[in-house]
1. So, of the residues in segment 34-67 that are of a type in the set (A, V, I, L, M), surrounded by 17 or more Cβ atoms within 10 Å (Cβ to Cβ) and assigned to a helix (DSSP H, G or I), which turns out to be modelled with the highest pLDDT?
2. Residues of segment 83-99 being near the ligand (Cβ under 8 Å from one of its atoms) and touching a strand residue (DSSP E or B) at 6+ places or on another chain (Cβ under 9 Å), which ones?
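The values are calculated or read from the model by the stated rules, or taken from the named source; none is laboratory data. Worth saying up front: this structure is predicted, and the values here are computed from it rather than measured. Here the Cβ is made from the backbone with ideal geometry for all residues, glycine too, and neighbour counts use every protein chain on show.
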Amino acid sequence: MKQVYTNANRTLVLNVQNLLERAGIKTLLRNEFAIGGMGELSPFDAWLEVWVVMDADRNRAKELADTAVSKQKAAQWICNRCKETNDPSFDYCWNCQSDAESGDVIDAGH
Ligand SMILES: [Zn+2]
């Protein structure tokens, strides 16, 4: 088994796993239940991890994961009010607290 992806953001990790499963790659999650009973573990140790069951799938899985993650990164949005660029995970502008609905999504294709 090989680890292909891990991130502090569990949603991102689950998205990657979902994508790999849909591509027909068998995956496993590690640290799925780590949060909550962490105790003395550092946050890093408790990051959710996606592993591929078949080593042969690793390269393809990595590629898919990288593509998925860079797409997520590209989905930053610009606040209409103050023109600040916001991370896709922000529902509200970090600068002026306008909500994301009123922002323009940056189109990565242009
Ligand atoms: Zn703003």
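1. Residue satisfying both the conditions and the ranking: Ala61.
2. Residues satisfying the conditions are Glu84, Asn86, Cys93, Trp94, Asn95, Ser98.
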